[in-house]
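Below: the structure, in structure tokens.
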Amino acid sequence: MADQSGNYSASSPREGMVTYFYLLLYIALSSGQIFFNKWVLSSKEINFPYPLGLTLLHMIFSSVLCFVLTKVLKILKVEEGMTLEIYTTSVIPIGAMFAMTLWLGNTAYLYISVAFAQMLKAVMPVAVFILGVAAGLEVMSMRMLMIMSVISFGVLVASYGEININWIGVVYQMGGVVGEALRLIFMEIFVRKKGLKLNPISMMYYVSPCSALCLFIPWIFLEKSKMDAQGTWSFQPLVLTLNSLCTFALNLSVFLVIQHTSALTIRVAGVVKDWVVVLLSAILFADTKLTLINIFGYAIAIGGVAAYNNFKLKKEVTRTTGSDNNPDSSPIPTASSTKTSGQ
């Protein structure tokens, strides 16, 4: 790794090893968390079929742990600059959409396979772009229209090849995709309009309590009575605690990857993770039956996602170059750099 003077640092090999370790840790935790959630929710395994309750537990655990790490032990630092006006107009919408994303995404696992859910997530750039155009944050162009068409076509082909398609699961998963796209749009507005840049740990500190509250209210009406009736309060605390801890570890790994790599690296890692999840799920879960049409369609969609990432990276480089002359500007969050969950 070269420094600013052009000399190579003696610690470069060690830094490279650390970077690869963080990348592998991110891929392992991200893939593992998806499988862990499916395992907990599955009626054939842990049999905790309460995705809303599970997501609520994750957010409560994250809120408490963030508070302990930042305010009690002071191991991590929370970025300054948060005001009541910023919290109410920006953080609350972000927290609400984050809660919606995790809730609907976890619910989808009750109806569709992990592999098919992952294939449907490939349509995320399409949702982000369409909502970005509607919000005035993106500009429609022929190139982007082609990229969006390729991604959509790939997802349609992958869906056509699905053997056991369940439309209820598809609706939940697409609802989660819309929620995540809205969260990213709110994040972009947050950075551009408010001018406040927060690292993932700071975002968890502020967003997790808000998401927990947004989940607690519907949980009371939708799942609490079912859990009371079935006596599910005697759930396995060790398993659910480990599940929540893995979620927090995943968020922390995202923070470390962003610190030690580039935007391109984490995008590539994300694509690798997606393929790992799709292929491993066919081995780990009996409800996953991959077909050649599945794989072919997903490959087309991933090709479109790669083109989208390349396009966004070029825009970020241009924006960063322009920000060298404007110290007040901040980098804009993207779908890869702000991903803080295993969904």
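Within the assembled protein chains, the solvent-accessible surface assigned to Val317 is about 90 Å², based on a 1.4 Å probe. For the range 91-109, the residues whose amide N sits under 19 Å from a probe point set 7 Å from the Cα of Ala134 along the beta carbon direction are 93-102, 104-105. The trypsin sites (Lys or Arg not before Pro) found in the range 265-303 include none that occupy coil by DSSP while having at most 11 further C-beta atoms within 10 Å. Here the 3J(HN,Hα) profile of the range 73-90, calculated from phi with Karplus coefficients 6.51, -1.76 and 1.60 at θ = phi - 60°, is 7, 6, 6, 10, 10, 8, 4, 8, x, 6, 10, 4, 5, 5, 5, 6, 8, 10 Hz, Gly and Pro shown as x. Solvent-accessible area of the range 56-113 (1.4 angstrom probe, protein heavy atoms only): carbon and sulfur portion equals 70 percent. Each Lys and Arg Cβ is given +1 and each Asp and Glu Cβ -1; about its Cα centre, the range 99-226 then shows a dipole of about 360 debye.
Based on the Stokes-Einstein relation at 4 °C and a viscosity of 1.567 mPa s, and on the Kirkwood radius from alpha carbon pairs, the range 13-85 is assigned a translational diffusion coefficient of 84 µm²/s. For the range 69-150, the set of trypsin sites (Lys or Arg not before Pro) satisfying both a DSSP loop assignment and a count of at most 10 other C-beta atoms within 10 Å is given as Lys74.
The values are calculated or read from the model by the stated rules, or taken from the named source; none is laboratory data. Bear in mind the structure is a predicted one, so any value in this text is a computation, not a measurement. Heads up, the Cβs are rebuilt from the backbone with ideal geometry, glycines too, and the neighbour counts pull from every protein chain shown. Protein only, heavy atoms only, side chains kept; ligands, DNA and RNA dropped before computing areas. Shrake-Rupley method; radii C 1.70, N 1.55, O 1.52, S 1.80 Å.
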